[in-house]
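Trainee: Here it is, the structure, as structure tokens.
The values are calculated or read from the model by the stated rules, or taken from the named source; none is laboratory data. Values in this document were obtained by computation on a predicted structure and should not be read as measured data. Here Cβ is always computed from backbone atoms with ideal geometry, including for glycine, and neighbour counts include all displayed protein chains. Surface accessibility is based on the protein's heavy atoms, side chains included, excluding ligands, DNA and RNA. Shrake-Rupley method; radii C 1.70, N 1.55, O 1.52, S 1.80 Å.
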Amino acid sequence: MPTAQVTLDPAFRIAPVGRRLFGSFVEHMGRCVYGGIHEPGHSEADVDGNRLDVLKLVRDLGVSVVRYPGGNFVSGYRWEDGVGPVGNRPRRLDLAWRSIETNAFGLNEFMAWSKLAKLEPMLAVNLGTRGIQEACDLLEYTNHPGGTRLSDLRRAHGVAEPHNVRLWCLGNEMDGPWQIGHTTADAYGRLAAETAKAMRQVDPTIELVACGSSNADMPTFGSWEATVLDHTFEHVDYISLHAYYEQNGDDRASFLATAAGMDRFIEGIVATADHVAAKKKSRKRLMLSFDEWNLWQQSRFGGHTNLSWEQAPRLIEDTYTVQDAVVFGSLLMSLLRHADRVAIACLAQLVNVIGPIRAESDRPAWAQTIFHPFALTAQHARGDVLRVATTTDLYDTAEHGAVPLVDVVATHDSESGQVTVFAINRHTNEPARLDIDLRAFGDLVVAEHLYLGGDDLDAANSIETPERIAPVRATGHTIDGGHLRASAPPVTWNMLRLVPRPA
Ligand code: AHR
């Protein structure tokens, strides 16, 4: 039986749990916008066409930031098409996803929706087919109070107050040959730096994200960041990273250890950013924006060039299993343990398109399996992330080498006294014994131990059985002399919440 001896201490803090770690992403892709968050005429839609059943799930998910409007889509997008009277908006070819874009939903609709959902917007500018001028124009339209051509245009469009959007991405995945306007690190770095400087002249309060690598397997990974940051280091606040993971054939052992790959990816970028800082003799510690991450069975996607021109087609509507929820929960643990450097993370995407939420025209929206670890982590990872001292057994994987069978992350909220422990048991047929030394926190009791995983790893939620998979309540834990002892069933993601013993 695998065991994990864990010691926690409130003094060993990594960083506060930033709420922006629980972001997501809405792209004009497939049915994420149309038929996802927005579906006029649906029985659950409000007067603006926003689906309230989807909105409720978005709120329950606990999402903080939402990135918009892409993704690959943004690299061919004209933001002006999506503002003003809906009847005057052009239908366009969206080259990124070979789709027909009606532009019925645009910037002001997105801003109204994010207000309703109580989310912080994060906008991307098009540095694929456009450049500095359009980025500044969009920023003026969005954030300038009034008295200029574009801010007055916004007002004429019925939005009197500026949107005051803080977070801006300087393009999307410009290292990828699939990107419209794909370019070299040098050319992108120069453009991103100049765009950043000009945008800050429009609004000095914004925070800017430069494009890092589209994934850790890109041939330019590492050198791309080094070159881009050589140009942009002083002008941006974040470097982005994107990653989508899937099981390779029947190699479950490696898939369960995916978080080890995510750890390495993050640490590689941190090292590169700090290398650039050292070269520039700068004390600045650049933060990371993991602004697209998820599981995605990308090998099953035939690529955009094989699609036919359609309006809001069904694209990459992956169904997530119980096993996916376990791995997904462990990716959140990786993000948490890097909270000192990862400031923003966006689960890509939010609805239908590799989304934790699914929606169909004739039924209420429902939550996929991966919804649950996200919602629980967003709700209960509070206060500071703690440095965890864990002793556990290792196992060998083809993709990641030797990896701990049990991985643990913990947070501590000094105000409420709550300690939350997240643990994954990667053993495929044995429960893991957790022995957690909590003496440094005083007298705690277990408020709950929930897990996802267990016997039927292929089970999933569906339109017919939307609530089949939900967190399971575990029993059998004890606290004795400040030691928590609990058992994590095989292939499970676990959350244990400990609170001070009531007086
Ligand atoms: O999320 C789907 C796509 O994946 C995004 O448009 C792109 O940025 C990434 O390659």
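Trainee: Scan (1) more than 15 Å from the ligand (Cβ to nearest atom); (2) under 15 Å from S240 (Cα atoms); (3) among the aliphatic types (A, V, I, L, M) for the single condition V209 breaks and write down its number.
Mentor: (1)
Trainee: Then there is this: Kindly check whether there is at least one residue in the range 236-244 that is touching a residue at least 40 places away in the same chain (Cβ under 8 Å) and either more than 25 Å from T184 (Cβ to Cβ) or in a helix (DSSP H, G or I) (or both).
Mentor: Restricting attention to the range 236-244, the residues satisfying the condition of being touching a residue at least 40 places away in the same chain (Cβ under 8 Å) are 236-244.
Narrowing the set further to residues that are either more than 25 Å from T184 (Cβ to Cβ) or in a helix (DSSP H, G or I) (or both) leaves none.
No.
Trainee: Same structure, new question: Test R439 against the stated conditions and say whether it is in contact with a Ser or Thr (Cβ under 6 Å, 6 or more places away or on another chain) and farther than 18 Å from Y244 by Cα. Please lay out each step first, then the result.
Mentor: On the way: in contact with a Ser or Thr (Cβ under 6 Å, 6 or more places away or on another chain): no; farther than 18 Å from Y244 by Cα: yes.
Judged against the criteria, R439 is not a match.
Trainee: From the list G383, G355, pick out the single residue that is in contact (Cβ under 8 Å) with a residue 60 or more places away in the chain and touching a Cys at 6+ places or on another chain (Cβ under 9 Å). Lay out the reasoning, then the answer.
Mentor: Numbers: G383 fails: touching a Cys at 6+ places or on another chain (Cβ under 9 Å).
It is G355.
Trainee: Within 15 Å of E173 (Cα to Cα), outside any strand (DSSP E or B) and either at pLDDT below 95 or within 16 Å of the ligand (Cβ to nearest atom) (or both): which single residue out of D291, D217 fits that description?
Mentor: Working: D291 fails: outside any strand (DSSP E or B).
On inspection, the qualifying residue turns out to be D217.
Trainee: Considering (1) within 16 Å of the ligand (Cβ to nearest atom); (2) surrounded by fewer than 24 Cβ atoms within 10 Å (Cβ to Cβ), say which one H42 fails and leave the rest.
Mentor: Result: H42 fails condition (1) only.
Trainee: Applying the selection to the range 469-488, what residues are of a type in the set (G, A, S) and buried (at least 18 other Cβ atoms within 10 Å of the Cβ)?
Mentor: Within the range 469-488, A474, A486, S487, A488 qualify.
Trainee: Now for a separate question. Take the residues in the range 18-34 that are away from the ligand (no atom under 16 Å from the Cβ) and open to solvent by 10 Å² or more (accessible area, probe 1.4 Å); name whichever of them is nearest to S308 (Cα to Cα).
Mentor: Initial filter on the range 18-34 (away from the ligand (no atom under 16 Å from the Cβ)): 18-22.
Those still in the list that are open to solvent by 10 Å² or more (accessible area, probe 1.4 Å) too: 18-20.
On the way: G18: 41, R19: 39, R20: 36 Å.
So, considering only residues that are away from the ligand (no atom under 16 Å from the Cβ) and open to solvent by 10 Å² or more (accessible area, probe 1.4 Å), the one nearest to S308 (Cα to Cα) is R20.
Trainee: Find the helices (runs of 4 or more DSSP H) located wholly in the range 85-183 whose residues include 1 or more that are within 24 Å of the chain's Cα centre (by Cα) and away from the ligand (no atom under 16 Å from the Cβ), and list them.
Mentor: Details: elements: 107-117, 132-143, 149-156.
Because the criterion is at least 1 residues that are within 24 Å of the chain's Cα centre (by Cα) and away from the ligand (no atom under 16 Å from the Cβ), the helices (runs of 4 or more DSSP H) in the range 85-183 that meet it are 107-117, 132-143.
Trainee: Residues in the range 325-357 that are open to solvent by 10 Å² or more (accessible area, probe 1.4 Å) and either in a helix (DSSP H, G or I) or within 16 Å of the ligand (Cβ to nearest atom) (or both): how many?
Mentor: The number of residues fulfilling the criteria is 1.
Trainee: Another question, then. Considering only residues of the range 1-17 that are over 22 Å from the mean Cα position of the chain (by Cα) and part of a loop (DSSP other than H, G, I, E, B), which is surrounded by the fewest Cβ atoms within 10 Å (Cβ to Cβ)?
Mentor: Pass one, the range 1-17, residues over 22 Å from the mean Cα position of the chain (by Cα): 1-13.
Checking which are part of a loop (DSSP other than H, G, I, E, B) leaves us with 1-2, 8-12.
Values: M1: 10, P2: 20, L8: 24, D9: 17, P10: 18, A11: 8, F12: 16.
Per the stated criteria, the residue is A11.
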